[in-house]
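Colleague: To start, I am sharing the structure in question, which I have written as C-alpha coordinates.
The values are calculated or read from the model by the stated rules, or taken from the named source; none is laboratory data. Computed from a predicted model, the values in this text were never measured in an experiment. Reconstructed Cβ throughout: ideal geometry from the backbone, glycine too, with neighbour counts over all protein chains shown. These accessible areas exclude ligands, DNA and RNA; they are computed on the full protein's heavy atoms, side chains included. Shrake-Rupley method; radii C 1.70, N 1.55, O 1.52, S 1.80 Å.
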Amino acid sequence: AQRVTQPEKLLSVFKGAPVELKCNYSYSGSPELFWYVQYSRQRLQLLLRHISRESIKGFTADLNKGETSFHLKKPFAQEEDSAMYYCALSGRDSGAGSYQLTFGKGTKLSVIP
Amino acid sequence: NAGVTQTPKFRILKIGQSMTLQCAQDMNHNYMYWYRQDPGMGLKLIYYSVGAGITDKGEVPNGYNVSRSTTEDFPLRLELAAPSQTSVYFCASSLDPGLGASTDTQYFGPGTRLTVL
(Lines give C-alpha, C1' and ligand atoms only; values in the text may rest on other atoms or scores of the structure.)
Protein backbone atom coordinates (compact mmCIF):
# COMPACT_ATOMS: atom_id res chain seq x y z
CA ALA A 1 0.00 0.00 0.00
CA GLN A 2 1.15 3.53 -0.65
CA ARG A 3 1.28 6.09 2.10
CA VAL A 4 2.17 9.77 2.44
CA THR A 5 3.14 11.30 5.77
CA GLN A 6 3.27 14.98 6.55
CA PRO A 7 4.42 15.11 10.17
CA GLU A 8 3.53 18.74 10.85
CA LYS A 9 -0.09 19.89 11.04
CA LEU A 10 0.95 23.50 11.47
CA LEU A 11 4.14 25.32 10.67
CA SER A 12 4.64 28.96 11.62
CA VAL A 13 7.58 30.98 10.32
CA PHE A 14 8.45 34.64 10.19
CA LYS A 15 8.46 36.52 6.90
CA GLY A 16 11.86 36.20 5.27
CA ALA A 17 12.76 33.01 7.14
CA PRO A 18 13.41 29.73 5.30
CA VAL A 19 10.57 27.24 5.00
CA GLU A 20 10.70 23.46 4.84
CA LEU A 21 7.51 21.43 4.68
CA LYS A 22 8.24 17.77 5.27
CA CYS A 23 6.83 14.89 3.28
CA ASN A 24 7.75 11.22 3.54
CA TYR A 25 6.27 8.45 1.49
CA SER A 26 6.00 4.69 1.41
CA TYR A 27 5.71 2.96 -1.95
CA SER A 28 7.31 -0.15 -3.36
CA GLY A 29 7.48 1.02 -6.97
CA SER A 30 8.83 4.12 -8.65
CA PRO A 31 6.76 7.02 -7.33
CA GLU A 32 5.68 10.29 -8.79
CA LEU A 33 5.38 13.01 -6.18
CA PHE A 34 3.43 16.24 -6.17
CA TRP A 35 2.79 19.23 -3.96
CA TYR A 36 -0.69 20.75 -4.05
CA VAL A 37 -1.60 24.02 -2.34
CA GLN A 38 -4.89 25.49 -1.15
CA TYR A 39 -4.94 29.21 -0.43
CA SER A 40 -7.71 30.67 1.72
CA ARG A 41 -11.07 30.52 -0.07
CA GLN A 42 -9.51 29.02 -3.19
CA ARG A 43 -9.56 25.56 -4.63
CA LEU A 44 -6.80 23.01 -4.38
CA GLN A 45 -4.23 23.45 -7.15
CA LEU A 46 -0.98 21.90 -8.24
CA LEU A 47 2.13 23.69 -7.00
CA LEU A 48 4.80 21.47 -8.47
CA ARG A 49 5.66 17.91 -9.44
CA HIS A 50 9.00 16.22 -9.06
CA ILE A 51 9.37 15.13 -12.69
CA SER A 52 9.25 18.77 -13.81
CA ARG A 53 12.20 19.75 -11.63
CA GLU A 54 10.98 23.32 -11.61
CA SER A 55 10.72 26.14 -9.12
CA ILE A 56 7.25 27.59 -8.65
CA LYS A 57 6.73 30.78 -6.61
CA GLY A 58 10.22 30.24 -5.20
CA PHE A 59 9.40 26.73 -3.95
CA THR A 60 11.46 23.67 -4.86
CA ALA A 61 11.20 20.03 -3.89
CA ASP A 62 13.71 17.26 -4.47
CA LEU A 63 12.80 13.61 -4.49
CA ASN A 64 15.16 11.68 -2.21
CA LYS A 65 14.57 8.00 -2.84
CA GLY A 66 17.08 6.93 -0.19
CA GLU A 67 15.20 8.80 2.52
CA THR A 68 11.81 8.37 0.77
CA SER A 69 11.21 12.08 1.14
CA PHE A 70 9.94 14.96 -0.98
CA HIS A 71 10.30 18.00 1.23
CA LEU A 72 9.11 21.39 -0.02
CA LYS A 73 11.51 24.28 0.50
CA LYS A 74 11.65 28.02 0.04
CA PRO A 75 14.58 30.17 1.15
CA PHE A 76 12.57 33.27 2.12
CA ALA A 77 8.92 32.95 3.16
CA GLN A 78 6.38 35.55 2.08
CA GLU A 79 3.04 36.36 3.69
CA GLU A 80 1.23 35.21 0.55
CA ASP A 81 2.69 31.73 1.05
CA SER A 82 0.30 31.16 3.96
CA ALA A 83 -1.88 28.23 2.88
CA MET A 84 -2.53 24.51 3.29
CA TYR A 85 0.03 22.35 1.54
CA TYR A 86 -0.60 18.74 0.57
CA CYS A 87 1.98 16.25 -0.55
CA ALA A 88 0.66 13.57 -2.91
CA LEU A 89 2.00 10.36 -4.40
CA SER A 90 0.92 8.75 -7.64
CA GLY A 91 1.25 5.02 -7.76
CA ARG A 92 -0.61 1.95 -8.96
CA ASP A 93 -2.38 0.63 -5.91
CA SER A 94 -2.59 -3.15 -5.53
CA GLY A 95 -5.46 -4.50 -7.58
CA ALA A 96 -6.19 -1.14 -9.14
CA GLY A 97 -6.25 -0.80 -12.89
CA SER A 98 -4.84 2.69 -13.01
CA TYR A 99 -2.75 5.07 -11.01
CA GLN A 100 -4.25 6.89 -8.07
CA LEU A 101 -3.16 9.90 -6.07
CA THR A 102 -2.64 9.38 -2.36
CA PHE A 103 -2.63 12.58 -0.31
CA GLY A 104 -1.00 13.39 2.98
CA LYS A 105 -3.02 15.05 5.73
CA GLY A 106 -1.64 18.46 4.89
CA THR A 107 0.43 21.12 6.64
CA LYS A 108 -0.89 24.57 7.34
CA LEU A 109 1.82 27.12 6.74
CA SER A 110 1.41 30.41 8.54
CA VAL A 111 3.86 33.19 7.67
CA ILE A 112 4.05 35.80 10.40
CA PRO A 113 4.62 39.39 9.22
CA ASN B 1 -13.27 27.99 -19.25
CA ALA B 2 -15.11 27.49 -15.98
CA GLY B 3 -12.83 24.55 -15.16
CA VAL B 4 -14.35 22.14 -12.64
CA THR B 5 -17.65 23.20 -11.12
CA GLN B 6 -19.50 21.60 -8.23
CA THR B 7 -23.02 22.07 -6.88
CA PRO B 8 -24.26 22.61 -4.27
CA LYS B 9 -21.66 24.44 -2.17
CA PHE B 10 -23.30 23.43 1.11
CA ARG B 11 -25.95 20.91 2.10
CA ILE B 12 -27.43 19.56 5.29
CA LEU B 13 -29.08 16.15 5.13
CA LYS B 14 -31.00 14.08 7.61
CA ILE B 15 -29.96 10.48 8.24
CA GLY B 16 -31.40 8.23 5.55
CA GLN B 17 -31.96 10.96 2.96
CA SER B 18 -30.39 10.74 -0.46
CA MET B 19 -28.79 13.32 -2.67
CA THR B 20 -26.60 13.79 -5.72
CA LEU B 21 -23.50 15.94 -5.76
CA GLN B 22 -22.97 17.40 -9.17
CA CYS B 23 -19.62 17.82 -10.89
CA ALA B 24 -18.91 19.14 -14.35
CA GLN B 25 -15.80 20.09 -16.28
CA ASP B 26 -15.39 21.90 -19.57
CA MET B 27 -11.77 21.02 -20.30
CA ASN B 28 -12.53 17.82 -22.22
CA HIS B 29 -10.70 15.75 -19.61
CA ASN B 30 -11.26 12.02 -19.76
CA TYR B 31 -10.26 11.37 -16.15
CA MET B 32 -12.49 12.48 -13.29
CA TYR B 33 -12.33 11.82 -9.57
CA TRP B 34 -14.32 12.19 -6.37
CA TYR B 35 -12.53 12.74 -3.07
CA ARG B 36 -13.70 13.33 0.46
CA GLN B 37 -11.79 15.29 3.06
CA ASP B 38 -12.55 14.79 6.72
CA PRO B 39 -11.34 17.35 9.29
CA GLY B 40 -7.59 17.08 9.84
CA MET B 41 -7.25 14.37 7.24
CA GLY B 42 -5.98 14.16 3.71
CA LEU B 43 -8.13 13.62 0.67
CA LYS B 44 -9.38 10.09 0.14
CA LEU B 45 -10.45 8.82 -3.25
CA ILE B 46 -14.06 7.60 -3.41
CA TYR B 47 -14.53 6.80 -7.10
CA TYR B 48 -12.86 7.68 -10.34
CA SER B 49 -13.55 7.46 -14.04
CA VAL B 50 -11.20 7.17 -16.99
CA GLY B 51 -13.83 8.02 -19.56
CA ALA B 52 -17.53 8.08 -20.33
CA GLY B 53 -19.15 4.82 -19.31
CA ILE B 54 -16.16 3.68 -17.22
CA THR B 55 -16.00 4.03 -13.46
CA ASP B 56 -14.03 2.30 -10.73
CA LYS B 57 -13.82 2.26 -6.95
CA GLY B 58 -11.25 4.18 -5.03
CA GLU B 59 -10.18 3.80 -1.42
CA VAL B 60 -13.52 4.58 0.30
CA PRO B 61 -16.45 3.74 -2.07
CA ASN B 62 -18.95 2.32 0.44
CA GLY B 63 -22.16 4.31 0.66
CA TYR B 64 -21.65 6.05 -2.69
CA ASN B 65 -22.44 5.49 -6.33
CA VAL B 66 -21.31 7.24 -9.48
CA SER B 67 -22.14 7.33 -13.15
CA ARG B 68 -20.38 8.80 -16.14
CA SER B 69 -22.72 9.11 -19.09
CA THR B 70 -20.86 12.05 -20.65
CA THR B 71 -17.28 13.28 -20.66
CA GLU B 72 -18.33 16.49 -18.91
CA ASP B 73 -20.36 15.22 -15.94
CA PHE B 74 -19.51 12.92 -13.05
CA PRO B 75 -22.26 12.97 -10.38
CA LEU B 76 -21.80 11.33 -6.98
CA ARG B 77 -24.86 9.76 -5.38
CA LEU B 78 -25.46 9.17 -1.67
CA GLU B 79 -28.40 6.79 -1.26
CA LEU B 80 -28.82 6.58 2.53
CA ALA B 81 -26.96 9.40 4.19
CA ALA B 82 -25.15 8.60 7.42
CA PRO B 83 -23.35 10.88 9.89
CA SER B 84 -20.05 9.25 8.84
CA GLN B 85 -20.53 10.86 5.43
CA THR B 86 -20.26 14.36 6.90
CA SER B 87 -17.29 15.73 4.99
CA VAL B 88 -16.10 18.09 2.29
CA TYR B 89 -16.33 16.52 -1.16
CA PHE B 90 -14.00 17.49 -3.97
CA CYS B 91 -14.32 16.63 -7.61
CA ALA B 92 -11.27 16.75 -9.87
CA SER B 93 -10.38 16.05 -13.47
CA SER B 94 -7.24 15.46 -15.48
CA LEU B 95 -6.03 14.69 -18.96
CA ASP B 96 -4.88 11.23 -19.89
CA PRO B 97 -1.35 10.80 -18.60
CA GLY B 98 1.26 11.03 -21.29
CA LEU B 99 3.47 8.16 -22.29
CA GLY B 100 5.74 7.29 -19.40
CA ALA B 101 3.77 9.35 -16.90
CA SER B 102 1.47 7.85 -14.33
CA THR B 103 -0.86 10.78 -13.95
CA ASP B 104 -1.37 14.30 -15.13
CA THR B 105 -2.17 17.40 -13.12
CA GLN B 106 -5.52 17.16 -11.40
CA TYR B 107 -7.77 20.23 -11.48
CA PHE B 108 -10.07 20.55 -8.52
CA GLY B 109 -13.52 21.97 -8.01
CA PRO B 110 -14.33 24.29 -5.09
CA GLY B 111 -15.84 21.54 -2.98
CA THR B 112 -19.22 20.70 -1.45
CA ARG B 113 -19.56 20.80 2.33
CA LEU B 114 -22.03 18.12 3.43
CA THR B 115 -23.38 17.68 6.93
CA VAL B 116 -25.52 14.68 7.87
CA LEU B 117 -27.52 15.06 11.08
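Colleague: With a cap of 12 neighbouring Cβ atoms within 10 Å, and only residues DSSP puts in a loop, list the trypsin sites (Lys or Arg not before Pro) found in region A:22-107.
Modeller: For trypsin sites (Lys or Arg not before Pro) across region A:22-107 that sit outside H, G, I, E and B with at most 12 neighbouring Cβ atoms in 10 Å, the list reads A:R41, A:R53, A:K57, A:K65.
Colleague: When Cβ neighbours within 10 Å are restricted to other protein chains, what is their mean count per residue of peptide B:40-46?
Modeller: Partner-chain Cβ atoms within 10 Å, mean over residues of B:40-46: 5.
Colleague: Round to a whole angstrom and tell me the spacing of the C-alpha centers of region B:31-94 and region A:1-53.
Modeller: 23
Colleague: Across chain B, what fraction of all alpha-carbon pairs, as a whole percent, falls in each successive 10 Å bin from zero upward?
Modeller: Binned Cα distances yield the sequence 15, 49, 30, 6, 1.
Colleague: How large is the accessible surface of A:I51 in square angstrom, using a 1.4 angstrom probe and rounding to the nearest 10?
Modeller: 90
Colleague: Something else about it: Quote the relative contact order of chain B in percent (integer), defining contacts as alpha-carbon pairs under 8 Å separated by 6+ residues.
Modeller: Relative CO of chain B lands at 35 percent.
Colleague: Hey, another quick one. What is the sum of charges, Lys and Arg at +1 and Asp and Glu at -1, for the other residues whose Cβ falls under 9 Å from the Cβ of A:Q6?
Modeller: Once positives and negatives cancel, what remains is +2.
Colleague: Based only on Cα atoms, what mean projected area does the convex hull of chain A have, in nm²?
Modeller: 7.1
Colleague: Could you check which residue among A:G91, A:G58, A:G66 shows the biggest mean-square fluctuation in a GNM of chain A with a 10 Å Cα cutoff?
Modeller: A:G66
Colleague: To make sure I understand the rule: partners must be lysines, Cα under 29 Å from the Cα of B:K9, and not fewer than 8 residues away in the same chain. Which ones qualify?
Modeller: A:K9, A:K105, A:K108, B:K44, B:K57
Colleague: What is the local net charge at B:V116, summed over the other residues whose Cβ is closer than 15 Å to its Cβ (Lys, Arg +1; Asp, Glu -1)?
Modeller: Every neighbour counted, the sum reads +3.
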